[in-house]
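Asker: The structure that follows is given in the form of structure tokens.
Bear in mind that the values in this text are calculations on the coordinates, not laboratory data. Here the structure is a predicted model, which means the values were calculated and not measured. Cβ coordinates were reconstructed from backbone atoms using ideal geometry, including for glycine residues, and neighbour counts include every protein chain displayed.
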Amino acid sequence: MAHARVLLVDDSADTRHFLADVLRPAGYDVLTAASGEEGFTLARDLLPDLIIADHQMPGQTGLDMLAALREQDIRLPFILITAQGSEELAARALRLGVGDYLIKPFDVGDLIKATKRVLAEHWQRQIQENVPVRLLQANIELEGRLRELDTLVQIGQRVTGVLDLQTVLREAAQAAVTLAQAEEGSLLLVDPLSGELYLYASTDAELMKAPFRLPVADSLAGRVVRTGESLIITGEDLQTIKPGHTFRALAYVPLVLKGDVIGVLGVTNHTANARFHPHVIQLLSVIADFAAIAIENARLYTRTERERSTLDAILRDTEDTIIVVDAVDNVLFCNPAARKTFDVNILDYRGKPLDEVINHQEVIELFAKQARAGRSRSSEIKIDDGKRVLNAQLTIVEGVGRVVVMQDITHLKELDRIKSDFVTTVSHDLRGPLTAILSYVELINRSGPLNDSQQDFIKRIKFSVQSITALISDLLELGKIEAGFDQDREPTSLRRIVRYAVEGQRHQWEKKQQHVKVRLPEIVPSVLGNPLRLRQLVNNLVENAVKYTPDGGTVTIMAESDGEFLILRVIDTGIGIPQKDQPYIFDKFYRTDQAIDHYQGTGLGLSIVKSIVDQHNGRIWVESEVGKGTTFTVMLPVYDGDAGGDAGDTEA
């Protein structure tokens, strides 16, 4: 075998050098000895792979050297060289286990062949003798590792499949005993209130009958909590955990959860002197990790159950109507208010299609429209033949489906109707006296010359009457919109409406030297709506932008489509709206302090805009920063027909 180490033993220096020169080119490492005694010493101490020795040497012969090695149970492959062979010598060499027998003179090729063959037979014999023993040992170790792995897998499955924490942790302690081959296993947790360690699970049933606590500051388990490091203690003498509890061998590992040590898993031997090897710590650490996961799962489950119970109680006892469906409109939940409102008599409604559970067309259409739009929606649902009205808010819940919450707004609708009737009646009744006032003012002018003070008073009267008249007109318009008049719908081009609004305000923005930019895409989709109301919507937004933008400022009107909605933005560089006022700007008569002090208005313009947007199933919101400007964004559903307009951006 190449690179094998060969010991040459011969009293002739020429023979040693000759044989070495033959073996080294063949890839062997060669050692030499000049006598049998020297050869014996080198063979015993260095254990070469092969010995090639001459028989006839002064003192100790080659076979004598081999016999001495055999007496010390050193069995190395051996090739004997001799000048005179005999049957007696061959028989003795065979009994001593000589691998080959060469008679001088011999061919160097025969030596190389004999060397290779003897080494090969030796290694083959070593494999045959030693491999079964090693395989058996490896098999025993492998079976032990497999048992350990199987135990860990089982405890892992129990951790993920069982929510009874006492059972899981008791099994974890038992698994620790099995893997460590210990007499007792225990699991202690840190009490968050007292800071002490208390026994939570143990393989010793008697130990669980009485309270078992250890101080963290002065105990072996407490040391593991303080340091976060495992601990192994072994000794011949008994040692004490606490009074009445002794051990001869102990192993503790920490239970770590989110970086904090929350407990200790331990195994002990009370009577046996068996030591715990470091490998046991690795196994116990895995079980400790499983135990920490089980504790966290139990905590999460308890908290989730508590939150679920609270949510169930809220949903069950609330007066709001709540319906939850999954992604394919199968009903997941109907609270008692919903079942009563829509006469749901199916006891096992969960998982059934919405149209089989709820027999109300408006509710079904609400879900259908939201599915097409892909956004949350709000709507009003009429029940009991229109006697009751519910305000429905439908919201997408990721990973669940969609939920609709409905509040009874019947009384609010009635109050709104009474209010609208009152405003309409009062507005109509005020027009007569206001007309009379203006008429008498005109008669005063015709009755004779007036001084400057009287002229100023008359101007103020006219201005006040005109303001009240504008307010009445806005109130009447708002009343018509909220009453649902002007329900006629037709495809309407927003491009034309925007141009009318800009041209209608031309005198104002030119007077203030403002820059008005209209940026519309090549094709502007049509909107199904009332043209008069849509023109009123855009005109009010543009008028506000021009009014509240200082001289030389910029007003920009933009539009774009995202497929389902047409998005209109009116952007100005005006005075802006304070953050505290933004939630209320669409309320009737609401005006900011700065607007009241410096600008004329009724406080109804944005209320009218909001009502028109709602009437067309759209949305509107505002973004503003004081001193920098305001952006109003309106989203209106796109009509399914074609709508285009003049191409290109324009700038006025």
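Asker: Where does each of M65, M635 land when they are ranked from fewest to most other beta-carbon atoms within 10 angstrom?
Answerer: Lowest count first: M635, M65.
Asker: I would also like to ask the following. Give the lysines whose C-alpha is closer than 26 Å to that of K413, dropping any in the same chain fewer than 8 places away, or say none.
Answerer: Candidates past the 8-residue exclusion: K340, K369, K382, K387, K480, K588, K610.
Asker: Take the alpha carbon atoms of the stretch 486-518, find their center, do the same for the stretch 283-348, and report the distance between the two centers in whole angstrom.
Answerer: Value for the Cα centre distance between the two parts: 52 Å.
Asker: Mind jotting down a quarter of the surface of the convex hull over the alpha carbons of the stretch 208-348, in square nanometres, one decimal?
Answerer: 14.9
Asker: Further question on the same structure: Take the Cα pairs of the stretch 318-408, get the Kirkwood Rh, then feed it into Stokes-Einstein at 20 °C and 1.002 mPa s and tell me D in µm²/s.
Answerer: Translational D for this selection: 165 µm²/s.
Asker: Turning to a different aspect of this structure: What spacing in nm lies between the two simple spin-label points modelled at H17 and I523, each 7 Å away from Cα in the Cβ direction?
Answerer: Result: 10.4 nm between the two label points.
Asker: What is the sum of charges, Lys and Arg at +1 and Asp and Glu at -1, for the other residues whose Cβ falls under 12 Å from the Cβ of R5?
Answerer: That sum, taken over residues with Cβ under 12 Å, equals -1.
Asker: Here is a further query. Straight-line reach from K459: which aspartates and glutamates have Cα under 14 Å away, leaving out those fewer than 8 places along the same chain?
Answerer: Cα-Cα hits under 14 Å: E442.
Asker: Can you find, among L300, A201, L231, the residue farthest towards the positive end of the dipole of the stretch 162-304? Put +1 on the C-beta of Lys and Arg, -1 on that of Asp and Glu.
Answerer: Most positive-ward Cα: L300.
Asker: Note the per residue figure in Å³ for the convex hull of the C-alpha positions in the stretch 5-129.
Answerer: Given the Cα convex hull of the stretch 5-129, per-residue volume reads 101 Å³.
Asker: What's the Kirkwood radius of the stretch 529-652 in Å, using all Cα pairs?
Answerer: 15.3
Asker: Run the numbers for D317 and Y584: contour at 0.36 nm per residue of separation, minus the present Cα-Cα distance, in nm.
Answerer: 92.9 nm is the gain from fully extending D317 to Y584.
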